[in-house]
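Asks: Below is one structure. I have some questions about it.
Readers should treat all values here as calculations from the given coordinates under stated rules, not as data from a laboratory. Since we're looking at a predicted model, the values are computed, not measured. Quick reminder, even Gly has a Cβ in these numbers, built from the backbone with ideal geometry, and neighbours come from all protein chains shown.
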Amino acid sequence: MTDKSNQQSFRRLRLNLRQLEVFLATALGGSTRAAAGRIARSQSSASTSLADLEAALGVELFDRIGRRLLLNENGRALLPKAQALVEQAAEVQTLFTAEHAAPLRVAASFTIGEYLLPSLVSKWTQRHPKSQIHLRIGNTREVIAAVAALDVDIGFVEGSQAHSDLVVRPWLEDEMVIVAAPGHPLANLCASTRQLSDATWVLREHGSGTRQFADEWLLSHLEQVRVGFELGSTEAIKRVVAASEGLGCLSRHAVEQSVADGHLVQLQTCLPPALRTLAIVLHREKRLGRATTDFLAHCNAINPNSER
């Protein structure tokens, strides 16, 4: 191929990375004004770049609803590819200046984010001092939504999940246990199914992986589950259980320190063990960057319970 033909092939590109950067910022912010603020450009410049991108592709990427710009089917198709290109460009830009310079965005459900990831993130940053990790903690439903929307690079969730845009990889085994206050009437007994059915329960909210698993496990063995409190925080559940006659159903990872300190007791019951799988969630079309790949290897190689 001659130099002239090489030049012609490059000229066929009708879009550029700045246009894709504006597109991503607009998709996230919902307007060119918001996009301009995110990438430090003027609104008129951002509007022009977006218009040029749509002209180059020959399609509209957003539905215009008042002042809001909402991704249409064309925009949703472009989103993962645009993000991959911009992230690769960012890696090239920082290739010779810093290790893992682009922040790694991680979302995790409460049990994982509060009790398992902190030690893993701490070890990671000790080994990679120039690396940055932005950790978002929410319930499983929120983590799934964040990964599907490409708002984060990696998600960590509890239990089996399914989403057409996501890949779910098994990570660690976890056990759910029933806890009570040390002075609870059932604290020194082997609780029967009748006693557990008559008890008042303090559980996580719907949308939580812990709640989903607790419902499936308890309802398959008890006549009823009388929910007295639904709370959006594992720590709040532990406090309510410790101060009342309610029973909690939580991950062993979440309660082991409270049990060791004597604030809670793990009930002995006639129910079979409640084992579940914690999982890593990735977007099916997202290219994994170097930081993401290395952090996943780090999480898979280190047992987070080894120093607990």
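Asks: Quick one: work out Rg over Rh on the C-alpha atoms of the chain, Rh as Kirkwood radius.
Replies: Details: Rg = 24.3 Å, Rh = 22.3 Å.
Rg/Rh for the chain comes to 1.09.
Asks: Between SER244 and LEU17, what is the label-point separation in nm under the 7 Å Cα-to-beta-carbon projection?
Replies: 5.4
Asks: How do ARG12, ARG105 rank when sorted from fewest to most other Cβ atoms within 10 Å of their own Cβ? All intermediate terms of the calculation are to be shown ahead of the outcome.
Replies: Working: ARG12 6, ARG105 20.
With the fewest neighbours first, ARG12, ARG105 line up as ARG12, ARG105.
Asks: Within the set of other residues whose C-beta is less than 12 Å from the C-beta of ALA82, count the net charge using Lys and Arg as +1 and Asp and Glu as -1.
Replies: Working: positive: ARG18, ARG76, LYS81, LYS286, ARG287; negative: GLU21, GLU87, GLU285.
Taking every Cβ under 12 Å from that of ALA82, the sum is +2.
Asks: Which of the aspartates and glutamates could be linked to LYS286 by a straight reach, that is with a Cα gap under 19 Å, when you skip same-chain ones fewer than 8 residues away?
Replies: Straight-distance partners of LYS286: GLU21, GLU73, GLU87, GLU91, GLU142, ASP151, ASP153, ASP165, ASP294.
Asks: Once the Cα gyration tensor of region 13-93 is found, what semi-axes does its equivalent ellipsoid get, as square roots of 5 times the eigenvalues, in whole Å, sorted largest first? Before the final figure, lay out the partial values.
Replies: On the way: eigenvalues 64, 44, 28 Å².
Computed over region 13-93, the values are 18, 15, 12 Å.
Asks: Work out the length of the dipole vector of region 24-73 about its Cα centre, built from +1 on the beta-carbon of each Lys and Arg and -1 on the beta-carbon of each Asp and Glu, and round it to the nearest 20 debye. List each step's numbers first, then the result.
Replies: Numbers: 6 positive and 5 negative charges, 72 e Å.
Rounded to the nearest 20 debye, it is 340 debye.
Asks: Any idea how far the Cα center of region 225-281 sits from the one of region 16-45, in Å?
Replies: Comparing the Cα centres of region 225-281 and region 16-45, I get a distance of 45 Å.
Asks: For the chain, what is the mean residue ellipticity at 222 nm derived from helices alone (per DSSP H run of n ≥ 4: -39500 (n - 2.57); sum divided by total residues; nearest 500 deg cm²/dmol)?
Replies: -13500 deg cm²/dmol
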